[in-house]
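Derivation of every value follows stated rules applied to the coordinates shown; laboratory data play no part. As the structure is a computational prediction, the values presented were derived from the model and not from experiment. Counting neighbours? That spans all protein chains shown, and the Cβs are built from the backbone with ideal geometry, glycine included.
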Amino acid sequence: MNAPFPAADSASAAAEAAPLRLLIAAPRGFCAGVDRAIEIVERALVRYGAPVYVRHEIVHNRYVVDGLKAKGAVFVEDLDEVPNGSPMIFSAHGVPKAVPAAATERGLAWLDATCPLVSKVHRQAERQLEAGRHIVFIGHRGHPEVVGTFGQVPEGAMTLVETEEDVAALPFAQDAPLAFLTQTTLSVDDTAAIIAALRARYPEIAGPRGEDICYATSNRQAAVKAIAGKCELVLVIGAPNSSNSLRLVEVAQRCGSESQLIQRAADIRPEWLDGVNTLGLTAGASAPEALVREVVDRIAALRAVTEETVIAAEETMVFKLPRQLTD
């Protein structure tokens, strides 16, 4: 099997190339929710044997999904694709209430890999509904997390807004009983602006006590802000359907840097580095560290790289596994 980048030739070329300062953001890559979801699949494969069925991509990363497929995971979009009695797992993004109910009715041995921070938003939605409030949900239409959250409450109990313009178009009276919640992987700055617009129009609107945007999303955006102003280009490792990865690209661009979303090292075009003296690198919450090192190796094959890690926050969060996998 051929190596993706010829080591000898690349090392020689890089030694002759212009120096490049590489700023690597920290935190980056896997968060506690992603670690937990992947471990649930791996432990389920050990406990139940292959195949184990997973509804939707467990996390939005092709490298991770393909690795789990090789171990015996089968990814499906519909419960009808799962044989009766088979073990199955719900992805980290969460699912509507109707899905586990249908899985139970089918006799499927299901496990819930929903990120606990997404589950927290689900519980908040239920509490706001019980309090008699209509929920304004800030998120991206069609994203699995949004679909799952809308599925926690009856149809019509929640309204989606994506922009400040959507807030201006809401049909509710100023004194209507309202609450807002947010998707966990949004832009911190954009969401703050939308919340401000909601509070300006509906001064009595109820909101969560704490931040709905998850700690990992906030930390990764802060880490990009810490490096982007010093870089001509920031590379973000992540999938095109990964909300948190796309937000990192936007954050870098708003800080004045060019930014490119890549999935693997092979996506890097050498001409992107023309005129670049300082390059930034980060990874979305679904991208493993192995891909970061792959990208660093690719860049080092093109330029004489000096690596620096820029730490914006420390992360120690760990989430418990389902009891079925720890008993």
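Quick notes on this one:
- Some residue of the range 42-51 being free of Cβ contacts under 8 Å to residues at least 60 places away in the same chain and among the aromatic types (Phe, Trp, Tyr): no
- Filtering VAL54, VAL74, VAL64 for residues that are surrounded by fewer than 23 Cβ atoms within 10 Å (Cβ to Cβ) and not in a loop (DSSP other than H, G, I, E, B) leaves a single hit, VAL74.
- Selection status of LEU302, hydrophobic (A, V, I, L, M, F, W, C), within 22 Å of LEU246 (Cβ to Cβ) and surrounded by 14 or more Cβ atoms within 10 Å (Cβ to Cβ): no
- From the options ALA228, ALA223, ALA266, residue that is in contact with a Ser or Thr (Cβ under 7 Å, 6 or more places away or on another chain) and over 16 Å from GLY29 (Cβ atoms): ALA228
- Residue count for the range 203-254, restricted to those that are in a loop (DSSP other than H, G, I, E, B) and either touching an Asp or Glu at 6+ places or on another chain (Cβ under 7 Å) or over 17 Å from LEU186 (Cα atoms) (or both): 8
- Yes/no for GLU81 being in contact (Cβ under 8 Å) with a residue 40 or more places away in the chain and surrounded by fewer than 16 Cβ atoms within 10 Å (Cβ to Cβ): no
- Any hit, the range 288-295, residues being over 25 Å from SER187 (Cβ atoms) and either basic (Lys, Arg) or in a strand (DSSP E or B) (or both): yes
- Residue in the range 262-275 that is within 20 Å of ALA179 (Cβ to Cβ) and surrounded by 18 or more Cβ atoms within 10 Å (Cβ to Cβ) present: no
- Restricting the range 104-113 to residues that are touching a residue at least 60 places away in the same chain (Cβ under 8 Å), out of contact with any Lys or Arg (no Cβ under 8 Å at 6 or more places or on another chain) and not acidic (Asp, Glu), the residue that is farthest from PRO322 (Cα to Cα): ALA109
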